[in-house]
Amino acid sequence: MHIRRATTTAELLAAAHLYDAEPRPAWAARFLAADGHLMLIAYEDGVPAGFVSGIEMLHPDKGTEMCLYELSVAEAYRRRGIGRALTEALAAEARERGCYDMWVGVERDNEAALATYRSAGAGDDGVFSMLTWEFTTGV
């Protein structure tokens, strides 16, 4: 397995089987063009086996932190350490970029995700509520 940063729309689209929904070329291009957005893809024998996406967040009184936005590993490749390796690779990238921390929101009953993040060195920062506003995008 090797992990590398996605730099082309073709790489993002080739990992379509790992996403929640079908990726759109225009959105993939926009993701790559956005400052502070990155996706690392793990490959097994040239096939995308998993990915982690991160977004840098900057605030005037805190500096820059990394949000681990999403982690996905194809079912056939799970329980091989790929999720942990991707998480560690994103943390290393965050350190290189000068981020003061990295965080991720996880549902309390998602035991697999919690175990993965803890195995990669994350600590529990306590219970919080996440509220969302949903907007129609006119897709």
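The values are calculated or read from the model by the stated rules, or taken from the named source; none is laboratory data. Here the structure is a predicted model, which means the values were calculated and not measured. We place every Cβ from the backbone using ideal geometry, glycine too, and count neighbours over all the protein chains shown. Heads up: the accessible areas ignore ligands, DNA and RNA and are worked out on the full protein's heavy atoms, side chains in. Shrake-Rupley method; radii C 1.70, N 1.55, O 1.52, S 1.80 Å.
Taken as a whole, segment 25-40 holds no residue that is closer than 24 Å to L131 by Cβ, among the acidic types (D, E) and in contact (Cβ under 8 Å) with a residue 12 or more places away in the chain.
Those strands (runs of 3 or more DSSP E) of segment 1-68 in which at least 1 residues are surrounded by 14 or more Cβ atoms within 10 Å (Cβ to Cβ), in contact with a strand residue (DSSP E or B) (Cβ under 8 Å, 6 or more places away or on another chain) and hydroxyl-bearing (S, T, Y), considering only elements entirely within it, cover 37-44, 47-59. For R79, the conditions (1) on the phi < 0 side of the Ramachandran plot; (2) assigned to a loop (DSSP other than H, G, I, E, B); (3) charged (D, E, K, R) all hold with the exception of (1). Among the residues of segment 116-139, those that are of a type in the set (A, V, I, L, M), modelled with pLDDT under 85 and closer than 23 Å to E65 by Cα comprise V127, M130, L131. Here V73 meets each of (1) buried (at least 17 other Cβ atoms within 10 Å of the Cβ); (2) without any contact (Cβ under 8 Å) to a residue 12 or more places away in the chain with one exception, condition (2).
Looking only at segment 114-128, how many residues end up being part of a loop (DSSP other than H, G, I, E, B) and open to solvent by less than 100 Å² (accessible area, probe 1.4 Å)?
Quick first cut of segment 114-128, residues part of a loop (DSSP other than H, G, I, E, B) only: 120-128.
Imposing the further condition that a residue be open to solvent by less than 100 Å² (accessible area, probe 1.4 Å) reduces the set to 120-124, 126.
Total meeting the criteria: 6.
Report yes if some residue within segment 96-113 is more than 26 Å from M130 (Cβ to Cβ) and open to solvent by 40 Å² or more (accessible area, probe 1.4 Å); otherwise report no.
Taking segment 96-113 as the starting set, the residues that turn out to be more than 26 Å from M130 (Cβ to Cβ) are 96, 98.
Retained after the next criterion (residues that are open to solvent by 40 Å² or more (accessible area, probe 1.4 Å)): 96, 98.
Yes: one or more hits.
Testing E88 on (1) assigned to a loop (DSSP other than H, G, I, E, B); (2) closer than 19 Å to D125 by Cα, one condition comes back false. Which one is that? Status for E88: all satisfied but (1).
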